[in-house]
Every structure is written in structure tokens, then in C-alpha cells.
Amino acid sequence: MTPLALAARNAIEQARACPKAFVRLLGFSCEGFHAELQDLWTEHDRSVVYASVSAGKSVQGALRLLWDLGRNPNATIAFISATERLGNNVASTLRTYIKDDLRVRRVFPHLRMSTSQALDTIDSFRVERTDRGPDPTFKVFGVGAGEIQGARLTHVIADDIATFANSLTETSRRKIISWFQSAVLTRAAVEGLQVRVLSNPHHQDALPEVFGKMPGWALLRRGAEDGGRMLVPELMSKTQLARKRAELGPFASAMVDAQTPRAGASMFTDEGIERSLRAGDGLSLVTSFPPGAAQVYSGVDIGGGVGRDRSAITTIAILADGARRVLDVRSGDWSGTVLVEQMRAVHRAFGGVMGVESNAVQGLLADLASDVPTQKIVTDAHLKRFGMMAFAHEVESGQWLMPSHGGEPAHAQVAELIAGMKAYSPTSHASDVLMSALIAREVAARAFDVLADYEGAEQAADDLLAQYGVYGDPAERRCNRGEVGFHAVNVDALRGW
């Protein structure tokens, strides 16, 4: 045997015996953090991995499954994710390697796709095996899927099972944990069921954090850099890390540094947010609101244009009992022209006044939308600190009605607003949606302060903007509270609007 042939045979034998050697044979890195991952899965049946975005943990996880199948073609794998596309991509990757890769064929010559085409779909496949059970070799499941209860499993891979949306409230967190315990972990076909959870940190009581602290579970946590050294330099440089932090905004510290946000770290507490969700139970975002039924205010946070920070508009109604009812939340990667059209669309639907941040050139957009009643708001440090504190206090006391169903946000846009609240601290950058809600709250607060100061004063009948609650210079804009027109409206009816 030639030295080259001998080296090739040794490499194949090493890859058959060692997952790290197998990953390297396929041309992927398996040093440092990646080697640590493979060792973790070798030494522990149950594990939770927190690691920076773009650290390659999902790729390493898929390669490990390929090695597991080569070692045991009778394996039955459930891949669970809140993102269906992720699971389907892993299924496609594994299928391609098994069918077409000569290196895999040489390491595991017995590993073949099943000849039954009925078992080969976009989200599942089966390999040739001696076990005649009905379960596919690999199957993708969504979070909360009921059909998983009939499966018999050797592996459970939970990749991005916890998200911002399903980690927002105690109700949603408990629901996922209960489902995982009762519907997933009971599906073990073997004593040593392999359970691998790959996640980004969202909440200290979310599923990965809870299971990672249980006896018998191993928890690995690695941020993007440690002591100035990059975790996976071949995948992310310091320049790329800086760009990623800028893209992620207020979520960067958790997503990049793999640190779970502490309860109470934000001005907005979990208890206050859940109180506001309970107050808004049964409500939804709406496309219109009864004209004159309540004072309506919108806040516009202006992004940096297409490809940069998004713009956002949040609209609220101040009900007669003082409750802040969230009517509409929208955001997008809008150009200036599209943003102005969005402002007009919101005003046509809800009326009221729009607060528009007026810092530097951003104030020009308020002038472009001259047919919409606007009030320019300077989003300075004072507003971001003290205005946000007042906002958080109102949420804490249950004054905000967040549309929800069963204690969970009723819409993705509401979930995004709440995610911004949970991530915010005085030293962080407020999310676009959170800033738009703060601006809406600020315009409303200024209007009602003037109403209180000038209660009973002579109404400026010729001031058209007074009906919208726009009060600039108090000497110029006055309104009699009794003429506002919402005090006699049935508040309970509006709460359910």
C-alpha cells in the first residue's frame, strides 16, 4: 500500500471513530469552539448550547447528526425549531451528503437513502435500516406540534426553539416547557435519548435556561469574543462583529455575547408587561377607530433609509379612564417617500396627531407630510431617560392595553414592541418600534398636560388643530376639556374595539 493510500485509509478509519475527524474530513473547521461542541455531544446525552450568532453551531450540529446516522442507521431524529425553514434546510443538507458525497460513502458505505420515495419529503427522509418501525429517520417538527407524540426517538434536536416572541410572557414560556416535557421527552425509544438544545438567550425562565440548569444536563455558553479573541475567527472577524452589533441593535448584548438578560435589567419589568397584556386580553390591532371616540396619537420613529435602521409608527388611543389602547403598530425598511405615504395612511385610518422626531434632517419629513397634523418631538437624552421612565411606570401600573390572546401578544408587531421593552435599559439603544411608541406617548402627555392647565379656558374655536389635541405654545393653543368629546363615550365598548 502506498503512503498516500495508507494515509487515506487512516483518515477514513479516524473519521468513522471520531466525530471531530469526520467533520474535518468533510472540509469543515473543528478546532476551538467547534471541537468543544463535538466533545460536549460525545460526553453528555442532554445538553444546552448558548453561543453567538454566526458561530457555526447549527452547521456543527448537522454534521454531527450525519456522523450519528453513519454509526447507527436505525436512529430516529426529531428536529424541532420555531423556524420551519431551518429544519427543512438541515434535512436537505443531510439528504445531499448521504446521496452524493463520496467521502461520506467511504466512511460509512452502508449509509444509503431508502428506496421508498414516499418517505422522502421536504421535511423528512428515511435511510436503509434493519429496524422496520414506521418512523422516518429524520423529521422536522414545529414548536408545539401534536404529531410528535406518536414518534419513537433516539435524538431530539431543538434548534432555535426559544424565540423573542414565545419567551415574552410567563404563559408562553410555561406552555413550551410543558409541551417539551410531556410530548417530546417522553418519546424516547432508547435509554440514552440524545437531547441537544441550540439557542440564543432570551429570558432567564425560557426553556433552554430552565433545562440547562437541571441535574444531568450540560450547559455550554460562549460569546463572540473572550478577552479580545474571537470565538470563531474564520467565521466572524472583529469588523464583522461590530457590524453585527449595529444590525442587532438592543438585542446585541444577548445575541452576540450569549448572556441571558437578567430579570429587572430593563426599565420595563416582566410583571408590568404581563399586566398590560392581561389588560388587553381579547383585543387586536385594528384598521380604524370611531372618529371622535377618543384622543388618538401616533409616534413616528424615522430610520436611516433603505438598508439601514427601519422606520416605525405606533398609534394609541387615550380612553376616558386614562388607559392607553394600542391600535396599530407598523414598521419597515421605508424610503422617505414611502414613510410619508405610511403616515398619511395611518392618519386616514385613525385621525389624531402624529409626533415626528425632529432631530436634524429628520424633521423635514414632518414638513413633507404637511397634510397630516404633526408635532415635532426632539428625541434627546432627556426624553429617552425620563420619558421612558414615565412610559415604563405606566406599563407597570397596567395603564397600557396591549392586544393579546390568552396572555400572549395577539400580533407579531405587538410582540416586537414588547421585545423592545424587555431589551431596553438606559445604556442601550431603543428599538425602532419602542421609540415610535415613546413618541406617541410623549405627544399624548403634552396634550393632556395643557388640557389640565387650561381647563375651563376659552376655546380657540378657529384653531383647527385643537380638535386633534395639538398644543404648541400654550398662549396660542387652548382647549376646553368639556369640548374634547370623548368623556361620555362608553369606555368598556372602546376597550373591546
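Considering only segment 76-85, state which residues are in contact with a helix residue (DSSP H, G or I) (Cβ under 7 Å, 6 or more places away or on another chain) and either surrounded by fewer than 22 Cβ atoms within 10 Å (Cβ to Cβ) or hydroxyl-bearing (Ser, Thr, Tyr) (or both).
Matches in segment 76-85: Ser81, Ala82.
Across segment 302-353, what is the number of residues that are of a type in the set (Asp, Glu), modelled with pLDDT of 90 or more and over 15 Å from Pro373 (Cα atoms)?
Going through segment 302-353 one residue at a time, the tally reaches 1.
Regarding Arg105, is this residue at pLDDT 90 or above, closer than 22 Å to Gly133 by Cα and not β-branched (Val, Ile, Thr)?
Criteria not met by Arg105.
Residues of segment 398-419 being polar (S, T, N, Q), outside any loop (DSSP other than H, G, I, E, B) and over 9 Å from Leu277 (Cβ atoms), which ones?
Gln413, the sole residue that qualifies.
If you take just the helices (runs of 4 or more DSSP H) that sit entirely in segment 37-132, which of them hold at least 1 residues that are more than 22 Å from Cys18 (Cα to Cα) and among the polar types (S, T, N, Q)?
So the answer is 84-100.
Give just the number: which of (1) surrounded by fewer than 20 Cβ atoms within 10 Å (Cβ to Cβ); (2) at pLDDT below 80; (3) in contact with a His (Cβ under 8 Å, 6 or more places away or on another chain) does Ala293 not satisfy?
(3)
So, in segment 180-210, of the ones that are of a type in the set (A, V, I, L, M, F, W, C) and over 19 Å from Leu153 (Cα atoms), which residue ends up surrounded by the fewest Cβ atoms within 10 Å (Cβ to Cβ)?
Ranking the qualifying residues of segment 180-210, first place goes to Val210.
Kindly establish whether Pro136 is crowded, with 21+ Cβ neighbours inside 10 Å and part of a loop (DSSP other than H, G, I, E, B). Write out each step before concluding.
Numbers: crowded, with 21+ Cβ neighbours inside 10 Å: yes; part of a loop (DSSP other than H, G, I, E, B): yes.
Considered against the rule, which asks whether it is crowded, with 21+ Cβ neighbours inside 10 Å and part of a loop (DSSP other than H, G, I, E, B), Pro136 comes out as yes.
Six or more apart or on different chains, Cβ under 7 Å: which pairs go from a residue in segment 214-237 that's farther than 22 Å from Thr42 by Cβ to one that's assigned to a strand (DSSP E or B) and modelled with pLDDT under 85? Could you list them?
These pairs meet every condition: Ala224/Met230; Met236/Met230; Ser237/Met230.
Out of Gln181, Gln149, which single residue is modelled with pLDDT of 90 or more, assigned to a helix (DSSP H, G or I) and of a type in the set (S, T, N, Q)? Before the answer, list the steps.
On the way: Gln149 fails: modelled with pLDDT of 90 or more.
None of the other options fit; the residue is Gln181.
So which residues in segment 174-200 are in contact with a Ser or Thr (Cβ under 6 Å, 6 or more places away or on another chain) and free of Cβ contacts under 8 Å to residues at least 60 places away in the same chain?
Once the filter is applied, which keeps residues that are in contact with a Ser or Thr (Cβ under 6 Å, 6 or more places away or on another chain) and free of Cβ contacts under 8 Å to residues at least 60 places away in the same chain, segment 174-200 yields only Val190.
Would you check if Ala242 is surrounded by fewer than 14 Cβ atoms within 10 Å (Cβ to Cβ) and assigned to a helix (DSSP H, G or I)?
Details: surrounded by fewer than 14 Cβ atoms within 10 Å (Cβ to Cβ): yes; assigned to a helix (DSSP H, G or I): yes.
Answer is yes for this residue.
Please work out which residue is surrounded by the most Cβ atoms within 10 Å (Cβ to Cβ), limiting yourself to segment 1-54 and to residues that are touching a residue at least 40 places away in the same chain (Cβ under 8 Å) and more than 27 Å from Arg222 (Cα to Cα).
Looking at the filtered set, the residue picked out is Ile12.
Output yes when any residue across segment 64-76 is under 27 Å from Ser237 (Cα atoms) and out of contact with any strand residue (DSSP E or B) (no Cβ under 6 Å at 6 or more places or on another chain), and no when none is.
Initially, segment 64-76 is screened for residues under 27 Å from Ser237 (Cα atoms), giving 64.
Adding the requirement that they be out of contact with any strand residue (DSSP E or B) (no Cβ under 6 Å at 6 or more places or on another chain) leaves 64.
The answer is yes; a qualifying residue exists.
Considering only residues that are at pLDDT 90 or above and of a type in the set (S, T, N, Q), look in segment 49-81 and name the one that is nearest to Leu207 (Cα to Cα).
Ser81
Can you tell me which residues in segment 244-278 are at pLDDT 65 or above, out of contact with any strand residue (DSSP E or B) (no Cβ under 8 Å at 6 or more places or on another chain) and charged (D, E, K, R)?
Result: Lys244, Arg245, Asp257, Asp270, Glu271, Glu274, Arg275.
Just give me the residues in segment 184-209 being assigned to a helix (DSSP H, G or I) and under 27 Å from the mean Cα position of the chain (by Cα), in sequence order. Before the answer, list the steps.
Start the filter on segment 184-209 by keeping residues that are assigned to a helix (DSSP H, G or I), which leaves 184-187, 207-209.
If the condition is that a residue be assigned to a helix (DSSP H, G or I) and under 27 Å from the mean Cα position of the chain (by Cα), then Val184, Leu185, Leu207, Pro208, Glu209 are the ones that fit.
The values are calculated or read from the model by the stated rules, or taken from the named source; none is laboratory data. Note that the coordinates shown come from a computational prediction; the quantities given were computed from them, not determined experimentally. Methodologically, a virtual Cβ is constructed for each residue, glycine included, from the backbone with ideal geometry; neighbour enumeration extends over all protein chains shown.
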